[in-house]
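Structure first, commentary second.
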């Protein structure tokens, strides 16, 4: 496994368009900078994942919902204000600021602001969202801690960032906000009851 990298080493790797493993508030993720990588293809290769399954973005502020989303429903904005930073991914129609290679076939993008000082620090230093998925091959358990990251998987990325902050181990909730009514794609760290209390 790669030695634990400094933030500067991770940023340099991301700016080269490489994939980097880093901790979030839920699990360890693997991501690429949407400004510096041409596409999320490296993530699909690492994960051995179906390229039709979109990769969500981690963003650095609640304001990024309006920047990278278009015609964002009021409910989505309210949920972002209530639960970001935190384990809620909101799928919205992608704005012109989203490179086409990172959009879903339907022209949407999933956005989440993580409640992780390390992840937010990387986002700030890179100056761009990170297209991120869990740091494991498809079908394998998502790594909750550094020791859970598969060595062969880690050997294929630019570097690995480590911290000792606690992680929930529970995936983010995913809510599709692109239709007439919000659609729950996956219930995770934020429950339906939590969201109903806002909406």
Taking Rh as the Kirkwood radius computed over alpha-carbon pairs of segment 71-171 and applying Stokes-Einstein at 37 °C with viscosity 0.692 mPa s, one gets a diffusion coefficient in µm² s⁻¹ of 210
Among bridges DSSP assigns within segment 7-198, what percent are antiparallel (round to 5)? 70
Nearest-ten-degree value, helix 74-83 long axis tilted from longest Cα axis of the chain: 50
Ranked from highest to lowest mean number of other Cβ atoms within 10 Å per residue, what is the order of the peptides 25-34, 68-77? 25-34, 68-77
Compute the angle between helix 117-126 and the longest alpha-carbon principal axis of the chain, please, reported from 0 to 90 degrees and rounded to the nearest 10. 90
I'd like the FRET efficiency for residue 104 and residue 150, computed as 1/(1 + (r/R0)^6) with the beta carbon distance as r and R0 of 30 Å, rounded to 0.05. 0.65
The relative contact order of segment 64-187, taking Cα pairs under 8 Å that sit 6 or more residues apart, comes to a percentage of 27
Debye intensity ratio in log₁₀ form over the Cα atoms of the chain, taken at each q of 0.08 Å⁻¹: -0.23
If you average the alpha carbon positions of segment 158-199 and of segment 87-132, how far apart do those two centres end up, in angstrom? 13
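Laboratory data are not the source of any read-out in this text; all were calculated from the coordinates shown. Bear in mind that the values here come from a model prediction, so they are computed numbers and not experimental data. Positions of Cβ are generated from backbone atoms using ideal geometry, with glycine treated the same way; all protein chains shown enter the neighbour counts.
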